[in-house]
Amino acid sequence: LRNTANIAVAAMVLAGSTLAASPAHADIKPLLPVICHNGEVTTSFTTVTADRTLTHVRYFSVPAGGSLDVAKGVTKIATITASVKFTSDTTLEANEVIAKESEKVGVELAASGSMTLQTATNVTYHMGPGAYAVFAGEKKFSGSWSSTKCTNNGTREAPNGDGTAVSFAVPGDGAASCTGNYASGTFEYKAKAYGC
Amino acid sequence: MGKPRLLSAFVIASCLVMAACTSHPADSTVSPQKTATGSSSASSSGEASGTAPKICSTKLPVTKAGMLEVSDVWHQSGSVFFGYQAVALDSRYCAHPAGEELLSPSCGQHFPWILGSATNVTAIMADAGVTKISDGTIRGHDVVPAGTVIDPQEIREKVLYLDRQAQNSIFARFAKTCAKPFNLAGVSGYRTKIRSLDTGKDIDAFLVVGGHGLIWMEFDETGWTEAKYPAILKKAVQKAQV
């Protein structure tokens, strides 16, 4: 109601000034239509892609008759850093952009500045005999965003910056069998290719 | 002022687990797991007072308790993947949208179909009785003949624990608008289709409405059949005990 009221007030002010001035002023500017809520910032992602990214991988071999419950010292191979790039001026803060990216993909994303684990990790899972690429990873979301801000009493949507953003979702651990034939692009395919 | 109105602003359907949305001035209870640096800006009235911080959303130690595990779904999977997170909500310390009242769902948004800023969504969920949210992702596959290309399947699970009857919650009410009722093997709730960011295709999603909790499940990747759902839903209910 408040925003609607603002628009209504803005429209009445513009309409009122036009009516009062029109008989005597032929050069008055035409009345601009109200198209948005004055001051409101609208931010959207035009594209977002999800890429399963490994951050840790290590090869483990479990001999016949044996088993492994904790794969220790799974080595870091990559880092994802959540970040936002601004290619033009904006009133937005980085985490406001990340929040919009989270909205777009429907999953919780790490705050700007967050990094994936920087040390080796342990993966707890019961594995029987076989060869494995034990790994840790998460989905990395990359996207392009743009923003506008409503100005001029709701009659103009002015550019409010654009850029790109990267973040990542819930981290996870896993193990891929070195004898498996995995579909490309999957965590398992990447882990096998790197670790086996 | 004071009259109910629809929320407007940004939309974050599920910004409740990672610190991007809510926050932790003192992160002492956070299990760092895979995130070296966590969070973030303050949510609402999360500033410390005295010795106990007043925090709307607090990360809990990572646990798979109450959640589906790979072996629950794929009994002899040759590969596995699993990740879990959980937060506790305390409505006393959430930023309550003054004069706001949620009247209707936004079915175009992700579950729980709430339109509002991240802070508002958190507060709304806390107001709706949510005291804890657990998230889990598992991946695995059925046994296949040697040489067959394996395309693992994925389940994303979100369990909302409530301090009141789930059937009367806004989530169940919204589901009546945004999804269709189902009853499979004695498990009932609502189901709908959502777009997978992985495959670019529509996938099945279910909302199980329990006594004092709800379970939202997304079945991603290919190869799912109707015959597989009942046992998995039943197992999820059994484990979550909602």
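Of note:
- Summarising the overall dimensions of region A:26-116 from its C-alpha atoms, the Rg and Dmax are 23.8, 96 angstrom.
- Stokes-Einstein diffusion for region A:54-101 at 10 °C, viscosity 1.306 mPa s, with a Kirkwood radius from C-alpha pairs, works out to 106 µm²/s.
- Positive-end ranking of A:Tyr194, A:Gly113, A:Gly65 along the dipole of chain A, with charges on Cβ about the Cα centre, is headed by A:Gly65.
- Summary value for region B:186-230: 31 percent relative contact order, contacts being C-alpha pairs under 8 angstrom separated by 6+ residues.
- Magnitude of the charge dipole for region A:51-196, about its Cα centre and with charges confined to Cβ atoms of Lys, Arg (+1) and Asp, Glu (-1), is about 380 debye.
- For chain A, built as a Gaussian network whose Cα springs stay under 10 Å, the top-fluctuating residue of A:Ala165, A:Ala78, A:Ala110: A:Ala78
- Mean separation of Cα contacts under 8 Å, 6 or more apart, over the residue count of chain A: relative contact order %: 30
- For region B:132-199, trypsin sites (Lys or Arg not before Pro) meeting the loop criterion (DSSP other than H, G, I, E, B) and having at most 11 other Cβ atoms within 10 Å: none.
- Along chain A, the exposed loop sites are GluC sites (Glu not before Pro) outside DSSP states H, G, I, E and B with at most 16 other Cβ atoms within 10 Å, and the longest stretch free of them is A:94-196.
- Helices meeting the span-like rule in chain A (full DSSP H runs, Cα extent of at least 15 Å along the helix axis, mean Kyte-Doolittle score of 1.0 or higher): A:2-21.
- When the Gaussian network model of chain A links Cα atoms closer than 10 Å, the mean-square fluctuations of A:Ile77, A:Ile35, A:Ile98 top out at A:Ile35.
- Inter-part distance where region A:97-147 and region B:182-242 are each reduced to a Cα centre, Å: 23
- Over chain A, the ratio between the Cα radius of gyration and 2.2 N^0.38 Å evaluates to 1.63.
- Debye intensity ratio I(q)/I(0), log10, region B:100-242, q values 0.14, 0.16, 0.18 Å⁻¹ (C-alpha model): -0.67, -0.86, -1.07
- For region B:63-150, the spread of Cα positions along each principal axis, largest first, Å: 62, 29, 15
Values in this text are rule-based calculations from the coordinates and carry no lab data. This one's a predicted model, so the numbers in the text were calculated from it and none came from an experiment. Counting neighbours? That spans all protein chains shown, and the Cβs are built from the backbone with ideal geometry, glycine included.
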